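The next block holds one structure in the form of structure tokens; read it before the comments.
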Amino acid sequence: MWIESAQLNLEIAGASNSGPAVLCVHGAGGESGLWRGVLARLGTEMCAAALDLSGHGKSPAKAEPHTIESYADDIAAAVQALGRGPVVLVGHSMGGALAQHLAVNRPDIVRAIVLAATGARLRVLPALIAQFKSTDPQGAIPMMTGAAFAPGADPAIVAAYTQSLERADPGIVVQDFRICDAFDIMSRLGGITCPSLILCGDKDMLTPFKYSSFLHEHIPGSALHALPGCGHMLMLEAPDTLAGAILAFVKPLA
Ligand code: COA
């Protein structure tokens, strides 16, 4: 679906009218296509969608630099375009930061959140930002892919992620990392009152399991599940397990 008013691309799978829609949001330098396997599974049982934030995938960049607020506005536009009321917001990494931000600031559009491989603070390695800003931004890609997967990951998914990073605009990735680096909601997690599911690979090197434990301890009533043998890229490393956990969480919300 193309959202003309907001200039955003929204991939939709499944047309079920029962239960809330599920909206997946990618992380820094990501795109909706990363959710393909998850959407395929979710779409068999519910309405599921994945957004290209401005400047990612098929959504053009805004004229002004992106901010956490502008990305939150993108998500609000997608929720409105879906037209099904408050959504279950599934956010990966930076997308998880956006989900937390919206759960606190726009509870009217968020039925529940799934926080996948993320944290309440997301400091970024300065060397990574510097490499993306350099004259050789592609040199940052091996730094990303080297840390994003559990050891022994299927070379095909590493290649798929590498290709998505090659398509990404380095200037946008730098904006995303600055947003991550400035994000800190640690002292406000008690303000999240919607149902919350926290998922993290036990081999995640970019947002270690400790970050998810912190979320679980501080978000009232939240549930926490580890995905064994997974690193940071849960939607590529274990799409069926991830989708199964989301389905089990969402069905009782209907
Ligand atoms: N949840 C719980 N604890 C957190 C946290 C979170 N979201 N974020 C940081 N912390 C903890 C750290 O574990 C650390 O605890 P410790 O002192 O007991 O070791 C402490 O808070 C301070 O951490 P941090 O704010 O990250 O500062 P730092 O100076 O220790 O490290 C970096 C800064 C950038 C080196 C580090 O965050 C890092 O290696 N990040 C790489 C991740 C990355 O680049 N991700 C990119 C994709 S988003």
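Here is a yes/no grid of residues against (1) away from the ligand (no atom under 14 Å from the Cβ); (2) in a strand (DSSP E or B); (3) among the basic types (Lys, Arg); (4) within 23 Å of residue 20 (Cβ to Cβ):
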site: 187; (1), (2), (3), (4): no, no, no, no
site: 198; (1), (2), (3), (4): no, yes, no, yes
site: 213; (1), (2), (3), (4): no, no, no, no
site: 217; (1), (2), (3), (4): no, no, no, no
site: 231; (1), (2), (3), (4): no, no, no, no
site: 245; (1), (2), (3), (4): yes, no, no, yes
site: 248; (1), (2), (3), (4): yes, no, no, yes
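Is it the case that residue 128 is within 23 Å of residue 201 (Cα to Cα), in a helix (DSSP H, G or I) and over 15 Å from the mean Cα position of the chain (by Cα)?
The answer is yes for residue 128.
Given the options 97, 127, 120, 160, name the one that is closer than 21 Å to residue 78 by Cα and in contact with a helix residue (DSSP H, G or I) (Cβ under 8 Å, 6 or more places away or on another chain).
Exactly one of 97, 127, 120, 160 is closer than 21 Å to residue 78 by Cα and in contact with a helix residue (DSSP H, G or I) (Cβ under 8 Å, 6 or more places away or on another chain), namely 97.
Filtering region 39-56 down to residues that are assigned to a loop (DSSP other than H, G, I, E, B) and touching a residue at least 60 places away in the same chain (Cβ under 8 Å), which residue is surrounded by the most Cβ atoms within 10 Å (Cβ to Cβ)?
56
Within region 75-93, is there a residue that is assigned to a helix (DSSP H, G or I), of a type outside the set (A, V, I, L, M) and surrounded by 24 or more Cβ atoms within 10 Å (Cβ to Cβ)?
Taking every residue of region 75-93 in turn, none turns out to be assigned to a helix (DSSP H, G or I), of a type outside the set (A, V, I, L, M) and surrounded by 24 or more Cβ atoms within 10 Å (Cβ to Cβ).
Of these, 254, 243, 223, 248, which one is over 20 Å from residue 94 (Cβ atoms) and at pLDDT below 95?
Every option except 254 fails the conditions.
How many residues are within 10 Å of the ligand (Cβ to nearest atom) and in contact with a Cys (Cβ under 7 Å, 6 or more places away or on another chain) when one looks only at region 91-122?
So the answer is 4.
For residues that are loosely packed, with under 15 Cβ neighbours inside 10 Å and either more than 10 Å from the ligand (Cβ to nearest atom) or not in a helix (DSSP H, G or I) (or both), tally how many sit in region 200-211.
Summing the residues that are loosely packed, with under 15 Cβ neighbours inside 10 Å and either more than 10 Å from the ligand (Cβ to nearest atom) or not in a helix (DSSP H, G or I) (or both) in region 200-211 gives 2.
Return yes when residue 156 is buried (at least 22 other Cβ atoms within 10 Å of the Cβ) and not β-branched (Val, Ile, Thr) and no when it is not.
The answer is no for residue 156.
Being among the small types (Gly, Ala, Ser) and in contact with a His (Cβ under 9 Å, 6 or more places away or on another chain) is the filter here; which residues of region 134-163 pass it?
147, 148, 150
Exactly one condition in (1) within 11 Å of the ligand (Cβ to nearest atom); (2) small (Gly, Ala, Ser); (3) out of contact with any Phe, Trp or Tyr (no Cβ under 6 Å at 6 or more places or on another chain); (4) in contact (Cβ under 8 Å) with a residue 24 or more places away in the chain is not met by residue 127; state its number.
Residue 127 satisfies every listed condition except (4).
Does region 97-112 hold any residues that are crowded, with 16+ Cβ neighbours inside 10 Å and within 25 Å of residue 16 (Cβ to Cβ), and which are they?
Within region 97-112, 98, 99, 102, 103, 106, 109, 110, 111, 112 qualify.
Looking at (1) away from the ligand (no atom under 16 Å from the Cβ); (2) more than 15 Å from residue 29 (Cβ to Cβ), which is the one condition that is false for residue 138?
It is condition (2) that residue 138 fails.
The values are calculated or read from the model by the stated rules, or taken from the named source; none is laboratory data. All values derive from a computational prediction rather than experimental measurement. When we count neighbours, we look across all protein chains shown, and the Cβ atoms used for this are built from the backbone with ideal geometry, even at glycine.
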